[in-house]
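This report refers to the structure that appears directly beneath it.
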Amino acid sequence: MEGSRTVRAADFTGVERQWHLLDSWRGRIGTPSVTLLCVHGNPTWSYLWRSLVSQAPESIRVIAVDQLDMGYSERTGIDRRLADRVIDLGNLTSELGITGPVITVAHDWGGPVSLGWALAHRHQLAGIILLNTAIHQPPEARAPALIRLARSRPLLTLNTRLTSLFITSTTSLSRVARGSLPRMSKADADAYLAPYDESARRAGVRQFVADIPLEDDHPSAHELTRIAEGIRELGDVPALLMWGPDDPVFSDLYLHDLERRLPHAQVHRYEGARHLVIDDAPELVRDLLEWVAAGPALPDAHVASNEPSTLNDALSARHLDSSAALITMGETGNAHSISWAMLAERVARVAGALEEAGVRRGHRVSVLIPPGPDLICSVYALWRIGACAVIVDRGLGILGMRRAIRGAAPQHVIGSREGLLLARTLRIPGARISMRDLPRLIGDSAPAEMHATKDDEAVVVFTSGATGPAKGVIYRHRQVAETMNLLASHYSLGAQDTLVAAFAPWALLGPGLGISSVIPDMDVTRPATLTASDIAQAVRTGHGTVVWAAPAALRNVVATSGSLSDDDRRACASVRLLLSAGAPVPLSLLEQTAQIFPQASLRTPYGMTEALPVAEADLNAIRAQGMGNGVFVGAALPGVEIAIAPLDDRGVPVDDLTDTREVTGEIAVRASHIREGYDRLWATNARASRNLGWHRTGDVGHLDEAGNLWVEGRLAHVISTAEGPLTSISLEQLAILNGAVNAACVGIGPLGTQQAVLIIEEAGPSHLLNAAESDRFRQACDFPFAAVMRIDRMPVDIRHNSKIDRLHLSAWASEILGGALG
């Protein structure tokens with residue numbers, strides 16, 4: 001194996017022992033810029049770090065040790081304790097003559113060993129990187145069941161020494177396919193097992209398990225406590241925590257314990273990854289090396305402002321207003337209304353009740369309440385306190401909701417009866433607060449004063465998960481306020497307006513904007529269920545002037561518009577502004593929608609969860625543009641800058657941004673209302689923010705000669721062909737114009753030589769269209785697709801019912817086509 005060597009060094013007893021290690025510097029001369037000292041845990045060995053050794057640049061030295069009695073290091077026959085292993089490692093690094101800066105990198109039981117070394121070598125310590133480990137048992141939970149079982153006296157020797165069960169159980173976690181994550185190969189699983197092929201060679205595995213201090217009087221308990229408390233003094237040492245949250249042993253519970261001890265640490269969670277996170281998430285090594293290459297530094301200190309938040313100002317200004325602030329439509333046409341005065345009073349009292357229940361400024365609170373008055377009241381109450389609302393919608397699906405909330409680590413959960421049942425079922429962390437208990441708590445508490453400042457966290461919301469696990473996006477009060485200010489000024493929103501929020505989360509902004517809101521009768525997880533009658537009834541009831549609806553909702557509104565009565569049509573004619581976003585909106589759909597809302601200005605704001613809106617086009621501009629390379633989304637809004645990071649020949653965006661016209665690349669935006677950052681996703685945030693002050697959107701597109709923006713697709717969906725990168729949206733639009741109900745163009749094959757396959761939504765006897773049908777689409781799109789396929793229904797996201805999962809389609813097409821394309 002690359003860099004494999006042996007070294008003799010004294011152990012804690014003073015006896016010289018033979019160590020096996022991987023050393024990327026073997027045979028080189030000179031001094032590395034930094035040394036990564038990699039320490040494995042149990043039951044692995046230096047093989048764990050093979051990718052790091054092979055991928056490290058020449059300026060970085062990587063030393064991955066096999067701890068004594070482990071891997072291919074010497075079997076000493078001595079029971080080693082944690083303190084002994086810390087001394088052993090220090091003796092080894094002295095023998096190796098490591099004198100320059102060192103970053104410790106550790107996993108599992110290697111975590112405490114490496115941190116013990118770090119505390120003893122502060123003069124060399126340049127950084128700390130930890131992967132799924134534990135240095136302390138949080139008092140609120142018992143030790144993991146798997147550890148307690150493995151260490152139990154009847155099973156300890158059987159599981160760890162007499163059989164290889166402990167080792168094979170560890171690798172088996174990564175042998176199971178999980179979504180888009182790769183599955184560990186049998187060869188890798190066998191390699192992990194290789195040094196432990198005989199019972200005598202597994203003594204160290206048993207020692208490690210036996211040395212886990214589950215009891216206060218355990219021989220290693222004092223040393224573990226010393227290390228756990230000692231790292232609190234490492235606040236001046238850069239730290240990175242890289243975590244697999246699906247680890248059944250070292251769950252997020254242990255991540256959060258480390259965050260409390262190293263509050264300055266940067267964090268990246270790899271959704272779906274388990275214990276062997278470096279194997280489950282291949283991008284981890286790239287991310288780790290990027291962190292090292294950037295020159296590990298402490299994150300910029302956030303300078304908090306004492307300037308009061310303004311998010312509740314509009315609500316407070318209307319605290320005597322008896323007109324409707326929020327109307328929720330019911331199934332039978334009934335409407336539930338709450339006035340501005342009632343809403344303002346209730347927000348203040350709910351805030352007091354939440355403080356009585358233990359919610360404090362800076363706390364995160366998961367809000368599991370259906371769209372409506374209770375949700376809006378709870379969110380504004382949290383904002384009044386200065387607490388952060390963690391908001392997920394059912395559009396993420398049950399498992400997506402669980403991942404999202406657990407990743408945000410709320411201290412509290414406030415919910416309806418159904419919401420708290422869901423929290424219990426999904427094992428969501430946090431103290432429970434029931435909406436049913438609020439009346440009692442309100443009676444025992446006074447209205448809360450306004451505590452929040454503009455720099456407090458306001459909300460964690462989540463991306464749709466259309467191109468991977470949903471990402472938590474953090475907004476502070478000032479960024480939410482800037483979003484509201486932009487919406488109010490650009491769309492001339494005022495007290496005379498009523499927003500019909502057919503995309504329910506936008507109803508949350510109504511009280512902050514000082515405008516009334518109506519939520520139509522609809523299933524928020526299925527926008528396509530919204531009917532023309534539903535939206536007309538909502539407009540009529542609330543005297544709606546502004547409508548916000550997803551494209552999928554508009555399609556069904558158009559499809560069901562034949563049922564509209566004359567009264568319905570008169571109501572729709574009173575709408576002055578209709579906004580639709582979340583996915584491309586075809587011109588034909590806008591034209592049909594204009595027939596239902598004849599007086600409305602139809603606009604398609606472009607943006608994303610991280611920043612909305614940033615650009616927009618209206619129906620007239622879209623008509624004038626016609627077909628082009630992508631979707632025309634218009635000009636930047638006031639205060640927003642748009643730039644492009646050009647794609648290289650492989651379809652990878654370069655570092656520098658440009659506003660050069662007609663250059664395709666990743667779209668970047670800069671504005672005051674852009675998100676604060678991604679939650680516990682250091683690497684994602686670093687790449688998205690690589691240009692200071694800008695947000696890399698993950699979309700690809702170009703600026704035309706007039707400076708208008710065209711979106712050509714997602715960066716993750718760029719097809720990397722031998723001729724260069726290919727974006728897909730224009731081809732898909734042509735297919736739809738020529739008879740396809742829906743279409744997706746995906747790449748199959750290795751990057752750099754991918755071939756483009758067109759997939760249309762259509763029922764049929766075969767997944768492959770016949771030659772004549774295929775050629776018709778090739779001619780219509782003027783492109784030589786390698787194949788044209790059909791699928792009964794496109795896989796789309798739940799939230800918008802519009803975003804096609806092209807990565808899934810690519811895998812599906814590759815499996816069906818197999819080697820047919822050569």
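Simple spin-label model, 7 Å along Cα-to-Cβ: His767 to Arg148 in nm?
Using points 7 Å along Cα→Cβ, the separation is 4.6 nm.
With the Cα gyration tensor of region 634-714 giving a ≥ b ≥ c as the square roots of its eigenvalues, does the rule (a/c under 1.5 for rounded; else a/b larger than b/c for prolate; else oblate) give rounded, prolate or oblate? Kindly include the intermediate steps, with their values, before the conclusion.
Details: a/c = 2.11, a/b = 1.24, b/c = 1.69.
Taking the square roots of the gyration eigenvalues as a ≥ b ≥ c, region 634-714 is oblate.
Provide the net charge surrounding Gly707, with neighbours chosen by a C-beta distance below 9 Å and charges set as Lys +1, Arg +1, Asp -1, Glu -1.
Working: positive: Arg661; negative: Asp659, Asp704, Glu705.
My count for the surroundings of Gly707 gives -2.
What number, rounded to the nearest 500 deg cm²/dmol, is the helix-based mean residue ellipticity at 222 nm of the chain, given -39500 (n - 2.57) per DSSP H run of at least four residues and division by all its residues? Spell out each step's value before the answer.
Working: 29 runs with 270 residues, N = 822.
After summing the helix terms and dividing by residue count, I get -9500 deg cm²/dmol.
³J(HN,Hα) across region 588-593 via Karplus (A = 6.51, B = -1.76, C = 1.60, θ = phi - 60°), whole Hz, x for Gly/Pro?
Once θ is set to phi - 60°, the couplings for region 588-593 become 4, 5, 5, 4, 5, 5 Hz.
Got a number for the accessible area of Phe250? Probe 1.4 Å, square angstrom, nearest 10.
Here the accessible area works out near 30 Å².
Go through 150-161, 80-91 and give me the packing order, highest mean Cβ count within 10 Å leading.
Values: 150-161: 16.2, 80-91: 21.5.
In decreasing order of mean packing, 150-161, 80-91 become 80-91, 150-161.
Taking Lys454 as the anchor, which aspartates and glutamates have their alpha carbon closer than 14 Å to its alpha carbon, excluding any fewer than eight residues away along the same chain?
Correct list for Lys454: Glu307, Asp313, Glu482, Glu676.
Quick one: which of 195-202, 454-461 comes out on top by average Cβ neighbours within 10 Å, and what's the full order, highest first?
Top of the packing list down: 454-461, 195-202.
In terms of modelled amide H atoms, which long-range or inter-chain residues lie less than 5 Å from the amide H of Arg476?
Ala458, Glu676
What does the charge dipole of the chain about its Cα centre add up to, to the nearest 20 debye, if the Cβ of each Lys and Arg holds +1 and the Cβ of each Asp and Glu holds -1? The partial results should precede the final answer.
On the way: 76 positive and 91 negative charges, 297 e Å.
In debye, rounded to 20, the chain gives about 1420.
Name the residue from Thr133, Thr104, Leu119 whose Cα lies farthest towards the positive end of the charge dipole of region 94-157, charges +1 on Cβ of Lys and Arg and -1 on Cβ of Asp and Glu.
Towards the positive end, the residue furthest out is Thr133.
Quote the relative contact order of region 622-715 in percent (integer), defining contacts as alpha-carbon pairs under 8 Å separated by 6+ residues.
In percent, rounded to a whole number, it is 33.
On a straight-distance basis, which aspartates and glutamates could pair with Lys471 in a cross-link, Cα separation under 12 angstrom, same-chain partners fewer than 8 positions away excluded?
By straight Cα distance, Lys471 reaches Glu271, Glu610, Asp679.
So how strong a dipole does region 718-817 carry about its Cα centre when Lys and Arg Cβ are +1 and Asp and Glu Cβ are -1, to the nearest 20 debye? Mind showing how you got there, number by number?
Working: 7 positive and 11 negative charges, 28 e Å.
My answer is approximately 140 debye.
Highest first, please rank the peptides 806-814, 135-143 by the mean number of other Cβ atoms sitting within 10 Å of their residues. Walk me through the numbers on the way to the answer.
Numbers: 806-814: 18.8, 135-143: 13.4.
By packing density, highest mean first, the sequence is 806-814, 135-143.
Work out the FRET efficiency for Arg226 and Arg440 from their Cβ-Cβ distance, taking R0 = 41 Å, and round it to the nearest 0.05.
Numbers: r = 46 Å, r/R0 = 1.12.
Once the sixth-power term is evaluated, E becomes 0.35.
In sequence order, what are the phi-derived ³J(HN,Hα) couplings for region 777-786 according to the Karplus relation 6.51 cos²θ - 1.76 cosθ + 1.60 with θ = phi - 60°, rounded to whole Hz, with x for glycine and proline?
Karplus-based 3J(HN,Hα) across region 777-786 equals 6, 4, 5, 5, 8, 6, 8, x, 3, 5 Hz.
Per the 1.4 Å probe, what fraction of the accessible area of the chain, in percent, lies on carbon and sulfur atoms?
On the way: 16840 of 32800 Å².
After summing per-atom areas, the C and S share lands at 51 percent.
Rounded to the nearest 0.05, what FRET efficiency do Ser169 and Asp656 give with R0 = 41 Å and r taken as the Cβ-Cβ distance? Could you check? Before the final figure, lay out the partial values.
Numbers: r = 48 Å, r/R0 = 1.18.
With R0 = 41 Å, the Cβ-Cβ based efficiency is 0.25.
State the answer as a single residue: which of Ile674, Pro638, Leu657 lies farthest towards the positive end of the charge dipole of region 622-715, with beta carbon charges of +1 for Lys and Arg and -1 for Asp and Glu, about the Cα centre.
Going by the charge dipole, the pick is Ile674.
Work out the charge dipole of the chain with +1 on the Cβ of Lys and Arg and -1 on the Cβ of Asp and Glu about the Cα centre, then indicate which of Thr593, Val62, Phe777 is farthest towards its positive end.
Positive-most Cα among the choices belongs to Val62.
Could you name the aspartates and glutamates whose alpha carbon sits less than 17 Å from that of Lys186, not counting residues in the same chain fewer than 8 places away?
By straight Cα distance, Lys186 reaches Asp197, Asp279, Asp280.
Hey, what do the phi angles of region 729-740 turn into as Karplus ³J(HN,Hα) couplings, whole Hz, using 6.51/-1.76/1.60 and θ = phi - 60°, x for Gly and Pro?
Values per residue, Gly and Pro as x: 4, 5, 5, 5, 4, 5, 4, 5, 4, 10, x, 6 Hz.
Accessible area per residue of the chain at 1.4 Å probe, in Å²? Intermediate values should be presented prior to the final figure.
Working: 32800 Å² over 822 residues.
Result: 40 Å² of accessible area for each residue.
What's the local net charge at Ala381, with K and R +1, D and E -1, over the other residues with C-beta under 10 Å away? All intermediate terms of the calculation are to be shown ahead of the outcome.
Numbers: positive: Arg346, Arg349, Arg384; negative: Glu355.
The answer is +2.
Using modelled amide H (1.01 Å from N, peptide plane; none on Pro or chain starts), what sits under 5 Å from the amide H of Ala431, excluding residues fewer than 5 places away?
Placed amide hydrogens put His412, Val413 under 5 Å from Ala431.
Taking H as built 1.01 Å from N, whose amide H comes closer than 5 Å to the amide H of Gly362, not counting residues under 5 places away?
Placed amide hydrogens put Ala387, Cys388 under 5 Å from Gly362.
The values are calculated or read from the model by the stated rules, or taken from the named source; none is laboratory data. Since the structure is predicted, the reported quantities are computational estimates derived from the model, not experimental observations. Note: ideal-geometry Cβ built from the backbone for every residue, glycine included; neighbour counts use all protein chains shown. All accessible areas refer to the heavy atoms of the entire protein, side chains included, with ligands and DNA or RNA removed. Shrake-Rupley method; radii C 1.70, N 1.55, O 1.52, S 1.80 Å.
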